[in-house]
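Presented below is the structure to which this report refers.
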Amino acid sequence: MAAVQPVCLTFDNGPEPEVTPGVLATLRRRGLPAMFFVVGEKLRDPARRALAERARAEGFPVGNHTLSHGTPLGRRGGAEAVAEITACDALLDGLQEPERLFRPNGGGGALGPHLLNAAAARHLQAGGHTVVLWNAIPRDFDDPDGWPDRALAQHAAATAPVLMVLHDLPNGAMRHLDRVLGRLQDRGVEFLATPPAACVPILRGAAQPGLGAVVSPDPAP
């Protein structure tokens, strides 16, 4: 029988007043860890800022998911990409302590050199950031009712620890969250508080194996 792989849960693109409180309540009721990667410009809204503060106060790490979640950073100029990171860090204003977590946006969940450019990678290393990627995308963001089966199937097929990306967005997908988590717990899944090493190309500023695969090179002079 194949080993049951552990799962690290992460939630992107919030916080959203219609959804994030329910996600937090579900995690708390089940006693599960998770990470939240927030879009910086949403923190300009006091209600959304308060939700990020609540998540952190309840013990959930909060990370930077760029300022605007626009064009992936590997397809931008160096200064523009760095500004997307620094502006979001400024809006987080201490919520990242003790670790400065960062997740690039993938434009649909694909991995590759479109995620970061060389300037962004250098900035993240210099700033001591930890970059958290993924290996399971159930696509709850565009299939709010079909994602649970996909999430469970991705986990069942996994041969390594799973880092799953979900989204606390107001599209109805998270009404299935409790059921999915229950099914995973029924399988005996261990839920991880820290990301699997294979999904971390930069750890507290230090380059890790696989970083080059997610960084577009500097343009030729």
Tally of residues being in contact with a Ser or Thr (Cβ under 9 Å, 6 or more places away or on another chain) and open to solvent by 50 Å² or more (accessible area, probe 1.4 Å) across the stretch 179-210: 2
Selection within the stretch 179-204 - closer than 15 Å to Leu133 by Cα and in a loop (DSSP other than H, G, I, E, B): Leu192, Ala193, Thr194, Pro195, Pro196, Val200, Pro201, Arg204
Residue satisfying all of: in the stretch 77-131; under 17 Å from the mean Cα position of the chain (by Cα), acidic (Asp, Glu) and part of a helix (DSSP H, G or I); nearest to Ala193 (Cα to Cα) among these: Asp89
Any chance Ala120 is out of contact with any strand residue (DSSP E or B) (no Cβ under 6 Å at 6 or more places or on another chain) and over 17 Å from Glu80 (Cβ atoms): no
Criterion: touching a helix residue (DSSP H, G or I) at 6+ places or on another chain (Cβ under 9 Å), open to solvent by 50 Å² or more (accessible area, probe 1.4 Å) and without any contact (Cβ under 8 Å) to a residue 24 or more places away in the chain - qualifying residue of Glu97, Glu41: Glu97
Near pairs, Cβ below 6 angstrom, 6+ apart or cross-chain, from the stretch 174-188 (in contact (Cβ under 8 Å) with a residue 40 or more places away in the chain) to any residue that is open to solvent by less than 60 Å² (accessible area, probe 1.4 Å): Met174/Val19; Met174/Val23; Leu177/Thr26; Asp178/Thr26
Number of positions in the stretch 42-76 that are more than 16 Å from the chain's Cα centre (by Cα), under 30 Å from Asp218 (Cβ atoms) and not in a loop (DSSP other than H, G, I, E, B): 2
Hey, Leu67 touching a helix residue (DSSP H, G or I) at 6+ places or on another chain (Cβ under 6 Å), of a type in the set (A, V, I, L, M, F, W, C) and open to solvent by 10 Å² or more (accessible area, probe 1.4 Å) or not: yes
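The values are calculated or read from the model by the stated rules, or taken from the named source; none is laboratory data. These numbers come from a predicted model, not from an experiment. FYI the Cβ positions are ideal-geometry reconstructions off the backbone, even for glycines, and counts take in every protein chain you see. In case anyone asks, the SASA skips ligands and DNA or RNA and just uses the protein heavy atoms, side chains included. Shrake-Rupley method; radii C 1.70, N 1.55, O 1.52, S 1.80 Å.
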